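Here's the structure we're looking at; comments come further down.
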Amino acid sequence: MSEPAAAPPPLTEDEVDQTYRAFFAGDDPLACTREQAAAFVADLADHLPPAEGAGLAGNFARFLDGNPDDDTAWRSLRPLARIARARGLQAVVARHDGRVVEQDLEPFAARINGGGPGGRTVVFLAHQPYFLIMREAMYLRRNGHRAFLVSHEPLSPNLRPLFAGAFDGVIDARRSYPLLRRLLQMLRPDVFHVQCWMWSLFLGRLALDLRGGAAVVCEFYDVTSIYAPRDVLCRHWPREMVDLDLAMEGHILRHADAVVGRFPEDIAGRWMDRLGAAPPYLRMLPYACAEFTDYGTGKLSAADGVTRLVYAGSLIVDPSYLYPEAGTAAGFERLLAQGLAIDVLHNPHQPVRREDPAYADFFALMDRYPRFRILDGVPPDRLSAALAPYDFGIHLFEYDLDTVLTNPDQRRGVVATKLFAYFEAGLPVLMNAEYEEMARILEDGGFGLGIATADLDRVAERIAAFDYAAAVAAIRAFNRDHGMDREIHRLIALYDRITGAR
């Protein structure tokens, strides 16, 4: 095998800044609905010569007969806007932008800026929101706060009602960063709480740039520089993505009022020491919510004695040097060969289809093993009920320490959200022992077993000797003592600290 190419030279500070600003550049009309696109075309047609205007209006009416979605309708305006500007009709574009602001952004901003009874107003900002910030918002509201969600990506139809019920208001930017920036310029919350995921860390800087008098909290899931060295990241992603993320980490640590994450404090401390900045740090995990907790009424295994394992989350397949879970299919086969049954409940954001070649190994397992199935995932409000009939939640795969090039602190300290999803269903957990922090949580609490890759062939044997009833009791006690209803007060105390300081 040939050696990988050397990593490209890092971007300069100016190049990083240009990369950041490029997300918000351009003079396209603001992203809009089909109805607003039709209003733009009608306005432009009125300002063109009669025959040309009538032709444009007719063509666009026929286009709308095809029932395009909002995004397609908006994109169709781009060449028309160039025509308008070329003919000195910039006012048509300006009126369109004003309509979008007036109809969509101003009503949302008014709800935030107008304040309300009780506690502070928190705006959560995300590229695509994940379930931890939804859980936080739910319990902030139960403690008198007002919580709003601003998402760059539209929410999927099956998840939108769930998020709408968890927040006081939800809006998306129709995948348009200029529209997102325009909206944030209008908001005056007490706190911006930014979901900082890899490859969208620049949203943290955006909130800092437009904060006004608000405190800014940046909540990290993975941390790019903890995940893997730069040269490894650059094998798979463009250097502009990698270097922007790395630069944003330092910018956030230097300027944010606080940082939230899932890593233990010692690993977070090493990260901050390396970057030379140490804002207040709070470790928050996706603790159980009473609304979502469901321990079920029985087990599928009671009917036939077959131990049933469930994997909840995304199946990750490639590349193996970046994703240890690329060894999941091989690990599953070792479990299935022991007579165990496995169901996958996939991430509801990302359904898996048989025709996708990336998942060929998993569908080949389905063909060889009748006790293996891949099922569509469900939202958090239905996940516990779907998981409860199984015997164990799992995160088991062949972890190839010789192939994986992620940083040691990623393996040592990462805590997957699925661990707490299993707890919410009262399931003991089987976890790769190579993930040291998760295995420690399980072993110290009596919640499950850490199993090394070398011992995957002995899982059935380990299960047979496991005190299942004691583990279930320990998990239920943990959910009572460390549910989100209690843990949210640590986040509220952090808000108290940083808003008081400002």
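The values are calculated or read from the model by the stated rules, or taken from the named source; none is laboratory data. For clarity, every value in this text was computed on a predicted model and none was experimentally measured. So basically every Cβ, Gly included, is an ideal-geometry build from the backbone, and we count neighbours across all protein chains shown. The area values use the complete protein model at the heavy-atom level, side chains included, leaving out ligands, DNA and RNA. Shrake-Rupley method; radii C 1.70, N 1.55, O 1.52, S 1.80 Å.
Some notes on this structure:
- Once the C-beta distance of ARG85 and ALA460 is scaled by a Förster radius of 45 Å, the resulting FRET efficiency is 0.05 to the nearest 0.05.
- Nearest 10 degrees, 0 to 90: helix 34-46 Cα axis against the chain principal axis: 20
- Around GLY448: net Lys/Arg minus Asp/Glu count, Cβ-Cβ under 13 Å: -1
- Our estimate of slack between ARG440 and ARG354, defined as 0.36 nm per intervening residue step minus the Cα-Cα distance, is 27.4 nm.
- Ordering of 166-178, 16-28 by packing [mean C-beta count within 10 Å, highest first]: 166-178, 16-28
- Dimensions of region 370-502 along the principal axes, based on C-alpha atoms and rounded to the nearest Å, stand at 56, 37, 31, largest first.
- Anisotropy class of region 137-223 from Cα gyration tensor, a/c 1.5 cut: rounded
- Here the relative contact order of region 284-423, from alpha carbon pairs under 8 Å that lie six or more residues apart, stands at 37 percent.
- Taking the protein heavy atoms of the chain in the context of the full set of protein chains, the accessible area attributed to carbon and sulfur is 51 percent at 1.4 Å.
- Hull volume in cubic angstrom per residue (convex hull over the Cα atoms of region 10-86): 103
- Environment charge of PRO428, counting only residues whose C-beta is closer than 10 Å and scoring Lys/Arg +1, Asp/Glu -1: -2
- Modelled this way, with points 7 Å down the Cα-to-C-beta line, the labels at GLN103 and GLN338 are 5.9 nm from one another.
- As an equivalent ellipsoid, region 312-379 spans semi-axes of 17, 15, 12 angstrom, where each value is the square root of five times an eigenvalue of the C-alpha gyration tensor, largest first.
- With contacts taken as Cα pairs under 8 Å and at least 6 residues apart, the chain reaches a relative contact order of 13 percent.
- Overall, the ratio between the Cα radius of gyration of the chain and 2.2 N^0.38 Å, rounded to two decimals, is 1.07.
- Proximal charge balance of ALA471 [Cβ under 12 Å; K/R count +1, D/E count -1]: -2
- A simple packing score, the average count of other Cβ atoms within 10 Å per residue, orders the peptides 119-126, 271-278 as 119-126, 271-278, with the highest score first.
- Test item: Cα-centred dipole of the chain, Lys/Arg +1 and Asp/Glu -1 on Cβ, debye: 1240
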